[in-house]
1. Looking only at residues in region 175-197 that are assigned to a strand (DSSP E or B) and without any contact (Cβ under 8 Å) to a residue 12 or more places away in the chain, which one is farthest from Ser127 (Cα to Cα)?
2. Tell me which residues, restricted to region 436-467, are surrounded by 15 or more Cβ atoms within 10 Å (Cβ to Cβ) and over 21 Å from Gly503 (Cα atoms).
3. Starting from region 145-166, take each residue that is among the hydroxyl-bearing types (Ser, Thr, Tyr) and list its partners that are at pLDDT 90 or above, counting only C-beta distances under 6 angstrom and pairs at least six apart or across chains.
4. Residues being touching a helix residue (DSSP H, G or I) at 6+ places or on another chain (Cβ under 7 Å) and at positive phi: count how many of those fall in region 104-134.
5. Considering only region 388-396, I want to know if a residue exists there that is closer than 15 Å to Asn295 by Cβ and outside any loop (DSSP other than H, G, I, E, B).
6. Could you tell me which of the residues Asp202, Asp275 is part of a loop (DSSP other than H, G, I, E, B) and of a type in the set (Asp, Glu)?
7. Can you tell me which residue in region 210-249 is nearest to the chain's Cα centre (by Cα), limited to those that are part of a loop (DSSP other than H, G, I, E, B) and either of a type in the set (A, V, I, L, M, F, W, C) or surrounded by fewer than 17 Cβ atoms within 10 Å (Cβ to Cβ) (or both)?
8. Every residue in region 135-174 that is among the β-branched types (Val, Ile, Thr), modelled with pLDDT under 90 and more than 17 Å from Ile121 (Cα to Cα), please.
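The values are calculated or read from the model by the stated rules, or taken from the named source; none is laboratory data. Keep in mind the model is a prediction, meaning the values are calculated, not measured. Glycine gets a Cβ as well: all are built from the backbone with ideal geometry, and neighbour counts include every protein chain shown.
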Amino acid sequence: MKRIHSYIWPTIIAAALALGIFVGGKLHFNDSPEKLFSTNSKKDKLNRLIDYIDYEYVDDIDTDSIVDVTVNQILEKLDPHSVYIPKDEMGRVSENMKGDFVGIGINFYPYKDTIAVIRTIPKGPSSLNGIKAGDRILIADDDTLYGKNFASNAIVSKLKGRKGSSVKLKIYRKSTDKTFTVNVNRGVIPIKSVEAYFMMTDDMGYIKLNRFAESTYKEFKSALNSLRKQGAKKLTLDLRDNPGGYLGIAEQLADEFLQDDKLILFTKNKKGKIDKVRATKKGSFENKPVYVLINERSASASEIIAGALQDNDIGTIVGRRSFGKGLVQREMELGDGSAVRLTVSRYYTPTGRSIQKSYKNGIKDYYQTFTDRYHSGEMISVDSIKVADSLKFTTPKGKVVYGGGGIIPDVFVPIGTNEEEAVESMDSYGWLSYFIFEHLDGNRKQYAGYSEQEFIEDFSVDDILFEDFVDYSLQRSLKMNFYDYERPIKIYLKAALAEQLFGPNVHAKIKSSEDAMLKKVLELDNPVFKQGDAEAIQAIN
């Protein structure tokens with residue numbers, strides 16, 4: 001039997017960060033190929049070595065793989081965020097940062113021996129063709145998708161294709177015990193950056209961003225406009241777990257909150273050239289209360305937003321110290337379909353802070369320092385955060401801020417207990433979602449009569465469903481003090497149900513009642529609300 005503790009998640013998270021935080025940068029490059037790739041002895045040496053291996057070495061060698069290894073080893077000597085993107089990865093990486101792809105519009109599980117539809121994208125190709133949650137996709141054109149151990153990316157490749165192209169799907173519907181065939185024309189499917197948005201109170205809106213992609217600013221504006229129509233005069237911007245993305249998108253978002261000509265950031269390159277980015281007149285949420293939520297996994301573009309607002313004495317930064325990435329990358333093609341994202345400058349917050357943490361001891365140590373935060377006490381107490389007086393800066397209104405390793409929030413909120421973090425991890429890593437899918441697979445009809453609002457207001461997870469979850473977890477060697485955390489687990493189960501029935505907005509709204517940072521925002525915004533008050537919980541829900 002395994003006991004879940006929060007200290008196992010930092011190791012997993014650090015590995016994810018190593019892959020996920022490299023995506024920042026401005027994608028432009030002005031030097032000509034002739035200037036950049038002129039002949040010199042260092043390049044000739046590498047070219048000759050590859051040629052010798054190709055033509056003279058005793059055994060056949062895949063020199064492409066050697067080049068890939070060599071490029072990676074070179075970049076590892078530079079900094080943790082200069083990375084190589086092989087050509088077979090470029091499509092996925094570009095698609096993710098573009099903000100959409102062409103497909104059939106479903107969320108799915110490779111469930112047992114079939115492909116199970118969790119939820120269809122509203123008004124997407126599958127939804128418009130009558131495919132429903134719980135359906136199994138058996139065949140796509142002539143490719144059988146059941147009874148085999150397909151990897152998720154292999155399944156996706158069968159369902160994606162050119163815009164407007166048709167795929168013939170054979171579907172099994174468990175509720176009717178029948179199969180049917182439907183032709184689905186592939187369409188453009190958005191990859192959402194705005195994970196959720198809703199009204200926390202009568203005048204406080206909430207927006208959760210999971211990255212900064214090409215589509216993020218438009219999504220943010222759409223969500224913000226919707227919330228303002230619902231009465232939002234204040235905003236909570238949730239950047240927790242957001243690893244960053246495009247620098248220019250972060251600049252646009254920061255501009256929404258800052259008055260004309262306020263400094264957002266400046267960058268400095270190898271030659272000492274400084275480029276300043278200032279706010280314009282376009283800002284639509286200036287002079288209004290804003291709370292920015294950050295944590296130890298908020299990085300890069302997320303830190304740009306937090307730093308720009310903090311240094312201009314705008315809003316309140318709430319949470320825990322951010323990751324600490326202050327490097328800017330540019331993507332450059334290498335001529336064979338691969339690319340490199342190379343660090344070309346450092347960015348600084350308006351007061352002149354560099355929030356980049358040290359990487360002088362190598363990449364392994366760089367990510368180990370992230371894990372060390374969990375053992376140093378700084379996740380529990382702001383007094384445990386090590387700061388250097390030499391990196392002290394002062395905002396225009398006299399607030400002291402520090403550089404060198406992330407943004408320290410204005411208001412600190414400690415991490416939860418081991419068990420509380422375990423409950424959160426069960427949700428974020430899909431454990432609850434998988435259980436709920438199995439539950440819905442046999443009980444979907446009992447939820448058919450609920451509207452979103454009725455589900456939020458009237459539905460409660462009963463003891464039977466809770467006990468089923470405990471049994472499900474114990475059978476899979478997950479052990480914790482379930483009954484000590486019955487209330488939050490029931491709320492998270494309700495949120496997981498809501499996500500599969502109604503979508504991410506309802507999921508986030510229900511789950512928010514157990515969110516310590518959102519409770520702190522309500523307390524800061526209105527002292528009547530105290531942490532844990534029934535009124536505060538009711539206000540969020």
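1. From region 175-197, those assigned to a strand (DSSP E or B) are 178-185, 187-190, 194-197; that's our starting set.
Within this subset, residues satisfying the condition of being without any contact (Cβ under 8 Å) to a residue 12 or more places away in the chain are 178, 180.
On the way: Lys178: 18, Phe180: 15 Å.
Checked region 175-197; the qualifying residue farthest from Ser127 (Cα to Cα) is Lys178.
2. Phe466
3. Tyr146/Leu138; Ser165/Arg186; Ser166/Asn183; Ser166/Asn185
4. Of the residues in region 104-134, 2 are touching a helix residue (DSSP H, G or I) at 6+ places or on another chain (Cβ under 7 Å) and at positive phi.
5. For region 388-396, residues closer than 15 Å to Asn295 by Cβ and outside any loop (DSSP other than H, G, I, E, B): absent.
6. Numbers: Asp275 fails: part of a loop (DSSP other than H, G, I, E, B).
Going through Asp202, Asp275 in turn, just one is part of a loop (DSSP other than H, G, I, E, B) and of a type in the set (Asp, Glu): Asp202.
7. Leu239
8. Thr144, Ile155
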